[in-house]
Amino acid sequence: MAIEKVGVAGCGLMGSGIAQVCAQAGFPTVVREVSEELVAKGLKGIEKNLDRLVEKGTLSAAERDAARGRLRGTTKVEDLAGADIVIEAIIEQLAAKREFWKALEPLCAKHTIFASNTSSLSITEMAMATGRPGRFVGMHFFNPVPVMKLVEVIRTIATEDAAFEEAHAFAGRLGKTAVRTTDRPGFIVNRLLVPFLLDAIRALEEGVGTIEDIDNSMKLGAGHPMGPLTLLDFVGHDTTYSIANIMFEEFKEKRFAPPALLKRMVMAGWNGRKSGRGFYDYSDPKNPKPVKLL
Ligand code: CAA
């Protein structure tokens, strides 16, 4: 069954990026948030992104208008009912996600694929909250969604081959490169990325280098687009802390354990760029300054 219509749950950072990419790829897309304010905020962000693409000459004004025309915002779960695939990018809490899937399940056709964008929660556990574990997958996008070319497509022991391949092909139709992986905390990218990011914090804690020197080392010595401490600020410390805890709980390996400094920064609310302070101070967002931490 070819996917023609898309539903996206959540219009925050990830959900709005996913909705934008779906609409740009030609899919009529309904995106749902919990309040009118959040719908308006999410759609405004997408419009700004599309405008920027027109200014840069990447997109014509007609293409922007067509993409925007394919997007519809709503606060009603019922409006996701006509979708062939629903991609969920709501708050990263298992209880909230299970509740959402339970509410959606009776509204959708049997063929509809359910896909969660979770970065670390168990796809299996979510799938079991629905009556369709065979048509439940993970589709993990990366921030910023319109720019990052990868989607991890995740299967559980209960996912049917047909649904998995449909979701994999759909990611390709969005212009992304899709990789196949299984339901283990962190999948492929975070399994490798998170220990590296945690090690960068440990290196800072041990005085191996300053914030700037650690970041410059990996940027200029290893060709990374961002240094690890800048990337931590970009992802959000609360997010990395939560992923690390889930991975540590599963694997019981020290390399996944969040360092004390990360925990303290989360406790202090210094969650990175979004909170104005992390390893850098973003008072002047164009010119972040390293923070004195130790
Ligand atoms: N939305 C849309 N486009 C954006 C954007 C955004 N939020 N941020 C940057 N861009 C675009 C810019 O417009 C620019 O486009 P053009 O080349 O067409 O002009 C392009 O991206 C490059 O941007 P900049 O020149 O401003 O800056 P940059 O070269 O430093 O690139 C970056 C920015 C793409 C974010 C780059 O630094 C990068 O790739 N960083 C690493 C990001 C990363 O690792 N993300 C994954 C995080 S892990 C995750 O998401 C999953 C998880 O589970 C936690």
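Tabulated values for the structure
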{"item": "Residue ID - farthest from the ligand (Cβ to nearest atom), chosen from residues in segment 109-123 that are under 13 Å from Phe187 (Cα atoms) and open to solvent by 10 Å² or more (accessible area, probe 1.4 Å)", "result": "Ser122"}
{"item": "Qualifying residue in segment 159-172 (condition: closer than 17 Å to Val137 by Cα and within 16 Å of the ligand (Cβ to nearest atom))", "result": "yes"}
{"item": "Gly186 being within 13 Å of the ligand (Cβ to nearest atom) and not charged (D, E, K, R)", "result": "yes"}
{"item": "Pair list, Cβ < 6 Å and 6+ apart or interchain, from segment 212-230 residues that are in the same structural domain as Pro285 (by TED's automatic domain parsing) and open to solvent by 60 Å² or more (accessible area, probe 1.4 Å) to residues that are of a type outside the set (A, V, I, L, M, F, W, C) and more than 11 Å from the ligand (Cβ to nearest atom)", "result": "Glu212/Pro290"}
{"item": "Members of segment 184-206 found to be over 16 Å from the mean Cα position of the chain (by Cα) and either free of Cβ contacts under 8 Å to residues at least 12 places away in the same chain or open to solvent by less than 40 Å² (accessible area, probe 1.4 Å) (or both), listed by number", "result": "Leu192, Pro195, Leu197, Leu198, Ala200, Ile201, Ala203, Leu204, Glu206"}
{"item": "Hey, Arg180 at pLDDT 95 or above and surrounded by fewer than 21 Cβ atoms within 10 Å (Cβ to Cβ) or not", "result": "yes"}
{"item": "Selection status of Val21, in the same structural domain as Thr118 (by TED's automatic domain parsing) and buried (at least 19 other Cβ atoms within 10 Å of the Cβ)", "result": "yes"}
{"item": "Unmet requirement for Ala163, which otherwise passes all of (1) within 22 Å of Gly12 (Cβ to Cβ); (2) open to solvent by less than 10 Å² (accessible area, probe 1.4 Å)", "result": "(1)"}
{"item": "Elements of type strands (runs of 3 or more DSSP E) in segment 1-85, at least 3 residues being in contact with a Ser or Thr (Cβ under 9 Å, 6 or more places away or on another chain)", "result": "6-9, 29-32"}
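Every residue, every condition in (1) surrounded by 17 or more Cβ atoms within 10 Å (Cβ to Cβ); (2) touching a Lys or Arg at 6+ places or on another chain (Cβ under 9 Å), yes or no:
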site: Glu47; (1), (2): no, yes
site: Val54; (1), (2): no, yes
site: Arg64; (1), (2): yes, no
site: Asp84; (1), (2): yes, yes
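The values are calculated or read from the model by the stated rules, or taken from the named source; none is laboratory data. Here the structure is a predicted model, which is why all the values come from computation and not from measurement. Cβ atoms come from the backbone with ideal geometry, glycine included; neighbour counts cover every protein chain shown. We work out accessible area using only protein heavy atoms, side chains counted, and drop any ligands, DNA or RNA first. Shrake-Rupley method; radii C 1.70, N 1.55, O 1.52, S 1.80 Å.
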